[in-house]
1. When Lys269 is evaluated against the numbered criteria (1) open to solvent by 70 Å² or more (accessible area, probe 1.4 Å); (2) under 19 Å from the mean Cα position of the chain (by Cα), which criterion, by number, is the only one it fails?
2. Looking at the range 179-222 only, could you name the residues that are assigned to a loop (DSSP other than H, G, I, E, B), more than 14 Å from Ala235 (Cα to Cα) and open to solvent by less than 20 Å² (accessible area, probe 1.4 Å)?
3. Go through the range 94-120 residue by residue and tally those that are outside any loop (DSSP other than H, G, I, E, B) and either surrounded by fewer than 22 Cβ atoms within 10 Å (Cβ to Cβ) or of a type in the set (A, V, I, L, M) (or both).
4. Every residue in the range 247-266 that is within 27 Å of Gly98 (Cα to Cα) and surrounded by fewer than 20 Cβ atoms within 10 Å (Cβ to Cβ), please.
5. If we scan the range 228-240, do we find a residue that is open to solvent by less than 10 Å² (accessible area, probe 1.4 Å), under 19 Å from Leu287 (Cβ atoms) and out of contact with any Cys (no Cβ under 9 Å at 6 or more places or on another chain)?
6. When both residues are 6+ apart or on different chains and their Cβ atoms are under 6 Å apart, which pairs have a first residue that lies in the range 44-73 and is among the acidic types (Asp, Glu), and a second that is open to solvent by 50 Å² or more (accessible area, probe 1.4 Å) and part of a strand (DSSP E or B)?
Amino acid sequence: MANDPKDPKNNDESSSDLHRRDFVAMSVAAGLAAAGSASGAGMPVVETDVEIKTPDGTCDAAFIHPKSGSHPGVLIWPDAFGLRPSMREMAKRLAAEGYSVLVPNPFYRVGKAPFYTDASTVNFQTERPKIGPLMASVNASGNAEKDAVAYIAFLDAQKQVNKSKKIGTQGYCMGGALVVRTCATVPDRVGAGASFHGGGLVTDKPDSPHLLAPKIKARMYFGIASNDDMTQPDAKVKLKEAFPTAEIEVYSESMHGWCVPDMPAGAGKPIYNKPDAERAWGKLETLYKTSLA
């Protein structure tokens, strides 16, 4: 799948593997430190675990916002590993920059988060029987749309959210397509959408996310991984045709998952690419600053 992280093909306990694992662990730790560093330099933030009523049940989520004031709301759609510490750290960094951020457990129909606490330890191939049903629970027809309405209603009910400002939404891997569906479902409320190494954005199905473009009013950004582009080179062309005003970039030095600090290793090396992750974060900051008015 285009949105599958690329994992090591074996778990052999050789010396080279152990050295690689040590390198991955150090890279993950550095990435998480970078993701959370802004919370120390920016606004003090408050993190709260919350529950959100949806048509299909109760979603557990993290709501993270500056300690004082009201700010533009942001909805973060996690990747296939769901709500976990790395996603919370990214939300804290964003909150420290002046946003009130909701990170839901997208798999609440199956159970409470976290399903994984550190994705860097996960072998996607062996975990596929677990991850597949998790992804299916949110990707089933109509589910993301129902959830988007509930999550945005939750944000709008919080005093920490400035309802005179548009809401932003960002997603990673699986979350990229959910961003597009959110923007199309609540077009008058969402002012910006950003997909980073999004999977399934362009398909040959009648419900392909890119076909929702006519319903969307938000400014859009699509950051595409190099290996995703190699697998589906026409996707960026179809995205540009569907979203002529969107910014669409291929990150030629980065693999699928490069923005998330605790991604599993791929081809024997870390997928997380700090320089490109910071570049992508800068694109997100610019998008929000110019669109959430």
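1. Among (1) open to solvent by 70 Å² or more (accessible area, probe 1.4 Å); (2) under 19 Å from the mean Cα position of the chain (by Cα), the lone unmet condition for Lys269 is (2).
2. If we filter the range 179-222 for residues that are assigned to a loop (DSSP other than H, G, I, E, B), which is where we start, we get 186-189, 197-208, 216-218.
Subsequent filtering for residues that are more than 14 Å from Ala235 (Cα to Cα) retains 186-189, 206-207, 216-218.
Correct list: Ala218 only.
3. If we filter the range 94-120 for residues that are outside any loop (DSSP other than H, G, I, E, B), which is where we start, we get 94-96, 100-104, 119-120.
Filter once more, keeping what is either surrounded by fewer than 22 Cβ atoms within 10 Å (Cβ to Cβ) or of a type in the set (A, V, I, L, M) (or both): 94-96, 101-103, 119.
Qualifying residue count, the range 94-120: 7.
4. Glu247, Ile248, Glu249
5. Let us first name the residues in the range 228-240 that are open to solvent by less than 10 Å² (accessible area, probe 1.4 Å), namely 239.
Now restrict to residues that are under 19 Å from Leu287 (Cβ atoms): 239.
Add one more test, that the residue is out of contact with any Cys (no Cβ under 9 Å at 6 or more places or on another chain), and what stays is 239.
Yes, because at least one residue in the range 228-240 is open to solvent by less than 10 Å² (accessible area, probe 1.4 Å), under 19 Å from Leu287 (Cβ atoms) and out of contact with any Cys (no Cβ under 9 Å at 6 or more places or on another chain).
6. Taking only residues 6 or more apart or on different chains, the pairs are Asp60/Glu51.
The values are calculated or read from the model by the stated rules, or taken from the named source; none is laboratory data. Source: prediction; values computed, not measured. Because the Cβ atoms are built from the backbone with ideal geometry, glycine has one as well, and the counts that use them run over all protein chains shown. All accessible areas refer to the heavy atoms of the entire protein, side chains included, with ligands and DNA or RNA removed. Shrake-Rupley method; radii C 1.70, N 1.55, O 1.52, S 1.80 Å.
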